[in-house]
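S.K.: Let me begin by handing over the structure; questions about it come next.
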Amino acid sequence: MKAIAQAYSNIALIKYWGKRESRLNLPAVGSISLTLAGMKTVSQVHFREDLDHDHLLLNGKEALPPETARVSKFLNIVREASRLQLFAEIKSHNNFPTGAGLASSASAFASLALAASQAAGLKLSPAQLSILARRGSGSAARSLFGGFVEMKIGKKKDGSDCYAVQLQDENYWDIHLLIAITSESKKDVGSTSGMDHTARTSPYYREWVTTSPADLKEMRQAIGNKNFHKLGELAEFSCLKMHAVAMSAYPGLLYWNAASIECIHTIRELRRQGCEVYFTIDAGPQVKAICLPAGLEAVKSALENTRGVLRVISSGLGGNAALLERID
Ligand code: DP6
């Protein structure tokens with residue numbers, strides 16, 4: 001009735017932005033990500049006879065009502081599948097600062113999918129776990145797996161072919177990520193509503209969707225050939241394309257601040273000087289630099305010295321989500 005599981009966060013090299021169906025949370029495009037060892041969530045789910053509602057603690061603090069409601073809705077899927085009729089006490093801890101506007105829904109829902117399904121006695125395959133995590137958050141479907149991961153768009157209406165698969169594990173290629181924190185405040189427009197708004201109002205949205213398969217194909221090849229230059233160029237391309245389509249919504253969405261743009265220039269200047277480093281940015285102002293071990297120190301210090309950067313978090317590649325404990 002109780003289980004504890006951990007999952008790492010991830011960062012998309014080829015971005016997911018837009019849904020083809022929102023109830024089952026089916027993406028309109030596939031995506032490819034790196035799993036990050038430096039950012040992890042540990043979740044404990046305990047189904048109890050003595051509760052009359054779900055109770056969520058985030059980093060030791062009582063969660064806000066909308067946060068609890070989102071987790072309850074997710075647990076309803078597990079309750080329905082297992083025919084369990086108990087409410088749960090959920091405790092989730094991140095090892096990275098959550099106030100930093102860093103995505104935590106990926107590692108949160110991946111760890112919750114594993115902990116809740118185990119606590120409810122469900123025996124799910126990796127693909128089924130990824131499908132379950134997807135219902136919580138699209139990017140969470142990828143966090144079940146370590147290393148290099150692809151989220152399949154799928155074709156079926158019920159979403160049964162829409163899950164993530166591992167392309168390569170975390171030991172395949174030593175790639176590092178440096179995350180430049182440029183703001184500690186919470187973002188105004190979350191990913192879910194941002195992508196919905198983009199799909200409804202951007203004149204470029206259709207092109208964003210139709211050009212995605214080619215990006216995915218090239219990225220798969222770049223990873224397969226360990227072509228870092230190509231991987232980096234494609235990551236910047238997908239990132240800028242996603243932000244361009246969001247900016248072209250009505251009214252336009254702008255996730256960057258001045259320091260985000262300073263970081264882009266720092267990274268491109270480093271590249272001009274011969275350091276192989278590329279950037280990517282999600283639905284927020286933090287900039288993630290992708291580099292090889294040789295460039296790590298130079299990139300870290302250049303980002304730390306960039307105007308507006310508060311601090312820099314460093315991460316290598318992380319592994320699969322894992323069950324830590326289970327008590328019947
Ligand atoms: C910009 O997975 O947070 O980080 O499925 O609505 O929960 P929901 O969205 P979410 O979106 C992530 C968007 C992104 C790009 C990416 O991670 O692929």
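The values are calculated or read from the model by the stated rules, or taken from the named source; none is laboratory data. Owing to the predicted nature of the structure, the values given are computational and were not obtained by experimental measurement. All Cβ positions, glycine included, derive from the backbone under ideal geometry; neighbour counts span all protein chains shown. Areas reflect the complete protein model, heavy atoms only, side chains present, ligands, DNA and RNA absent. Shrake-Rupley method; radii C 1.70, N 1.55, O 1.52, S 1.80 Å.
S.K.: Of Lys15/Lys152; Lys40/Lys230; Lys73/Lys152; Lys217/Lys241; Lys186/Lys300, which sit over 20 Å apart, Cα to Cα?
M.R.: The answer is Lys40/Lys230; Lys73/Lys152; Lys186/Lys300.
S.K.: I need the trypsin sites (Lys or Arg not before Pro) found in the range 34-142, filtered to DSSP loop residues with at most 14 other beta carbons within 10 Å of theirs.
M.R.: Sparse-neighbourhood loop trypsin sites (Lys or Arg not before Pro): Arg83, Lys123.
S.K.: Quick one: compute the contact order of the chain, relative version, from alpha carbon pairs under 8 angstrom and 6+ residues apart, as a percent.
M.R.: Once normalised by length, the contact order is 26 percent.
S.K.: Contour minus end-to-end for Asp328 and Glu80, with contour as 0.36 nm per residue of separation and end-to-end as the Cα-Cα distance?
M.R.: Net length gain for the segment: 87.4 nm.
S.K.: Measure off, as a whole percent, the carbon and sulfur share of the 1.4 Å-probe accessible area of the chain, all protein chains present.
M.R.: 53
S.K.: Give the distance, in whole Å, between the Cα centre of the range 1-56 and the Cα centre of the range 211-259.
M.R.: So the two Cα centres are separated by 22 Å.
S.K.: Show which aspartates and glutamates lie in cross-link reach of Lys123 when reach means a straight Cα distance below 17 angstrom and same-chain residues fewer than eight apart are skipped.
M.R.: Output for Lys123: Glu80, Glu325, Asp328.
S.K.: Say each of Ala258 and Thr201 gets a label point 7 Å from the Cα, pointing the same way as Cα to Cβ; how far apart are those two points in nm?
M.R.: Modelled inter-label distance: 2.6 nm.
S.K.: Where the only charges are on Cβ atoms (+1 Lys, Arg; -1 Asp, Glu), what is the dipole of the range 122-253 about its Cα centre, to the nearest 20 debye?
M.R.: In debye, rounded to 20, the range 122-253 gives about 540.
S.K.: Could you work out [θ]222 nm for the chain from helices alone, using -39500 (n - 2.57) per DSSP H run of at least four and dividing by all its residues? Round to the nearest 500 deg cm²/dmol.
M.R.: -11500 deg cm²/dmol
S.K.: Cα-based Rg of the chain per 2.2 N^0.38 Å, rounded to two decimals?
M.R.: 0.96
S.K.: Now, a different point. Multiply the residue gap between Asn227 and Leu124 by 0.36 nm, knock off their C-alpha separation, and tell me the result in nm, one decimal place.
M.R.: My answer for the length gained is 33.6 nm.
S.K.: Per residue, how much accessible surface does the range 147-201 expose to a 1.4 Å probe? Answer in Å², no decimals.
M.R.: For the range 147-201, the solvent-accessible area averages 51 Å² per residue.
S.K.: Per residue of the range 196-201, in order, report the coupling 6.51 cos²θ - 1.76 cosθ + 1.60 (Karplus, θ = phi - 60°) as ³J(HN,Hα) in whole Hz, putting x for Gly and Pro.
M.R.: Values, residue by residue: 5, 4, 4, 4, 7, 10 Hz.
S.K.: What is the extension gain from Tyr172 to Ala214, computed as 0.36 nm multiplied by their sequence separation minus the C-alpha to C-alpha distance, in nm to one decimal?
M.R.: Net length gain for the segment: 12.8 nm.
S.K.: For Cys275, what charge total do you get from the other residues with a beta carbon under 14 Å from its beta carbon, if Lys and Arg give +1 and Asp and Glu give -1?
M.R.: +1
S.K.: Considering only the other residues whose Cβ falls under 15 Å of the Cβ of Ala322, what net charge follows from Lys and Arg at +1 and Asp and Glu at -1?
M.R.: Local net charge: -1.
S.K.: What FRET efficiency, computed as 1/(1 + (r/R0)^6) with R0 = 30 Å and r the Cβ-Cβ distance, is obtained for Ser301 and Lys187, rounded to the nearest 0.05?
M.R.: According to the calculation, E is roughly 0.65.
S.K.: Which of rounded, prolate, oblate describes the range 203-328, given a ≥ b ≥ c as roots of the alpha-carbon gyration tensor eigenvalues and a/c under 1.5 marking rounded, otherwise prolate only if a/b is larger than b/c?
M.R.: rounded
S.K.: Now, a different point. Take every DSSP beta bridge with both residues inside the chain and express the antiparallel ones as a percent of the total, to the nearest 5.
M.R.: 95
S.K.: Report, by chain and number, residues whose modeled amide H sits under 5 Å from the one on Phe145, excluding near sequence neighbours (fewer than 5 apart, same chain).
M.R.: Ala321
S.K.: Something else: For the range 34-93, give the share of DSSP beta bridges that are antiparallel, in percent and rounded to the nearest 5; count only bridges with both residues there.
M.R.: 70
S.K.: Let me ask something additional. Using a simple charge model, +1 on the beta-carbon of Lys and Arg, -1 on the beta-carbon of Asp and Glu, nothing else, what dipole does the range 213-328 show about its Cα centre, in debye to the nearest 20?
M.R.: Result for the range 213-328 is approximately 220 debye, rounded to the nearest 20.
S.K.: Still on this structure: Report, in debye and to the nearest 20, how large the dipole of the chain comes out about its Cα centre when Lys and Arg carry +1 and Asp and Glu carry -1 on their Cβ.
M.R.: Roughly 680 debye for the chain.
S.K.: Go through Met242, Pro213, Ala258 and say which Cα lies farthest out towards the positive end of the charge dipole of the range 192-263; charges sit on Cβ, +1 for Lys and Arg, -1 for Asp and Glu.
M.R.: Positive-most Cα among the choices belongs to Pro213.
S.K.: Could I ask something else about it? Against the longest alpha carbon principal axis of the chain, how many degrees, from 0 to 90 and to the nearest 10, is the axis of helix 105-119 turned?
M.R.: It is inclined by approximately 30 degrees.
S.K.: What do you get for the angle between helix 212-224 and the principal long axis of the chain? Use alpha-carbon atoms, 0 to 90 degrees, nearest ten.
M.R.: That works out to roughly 80 degrees.
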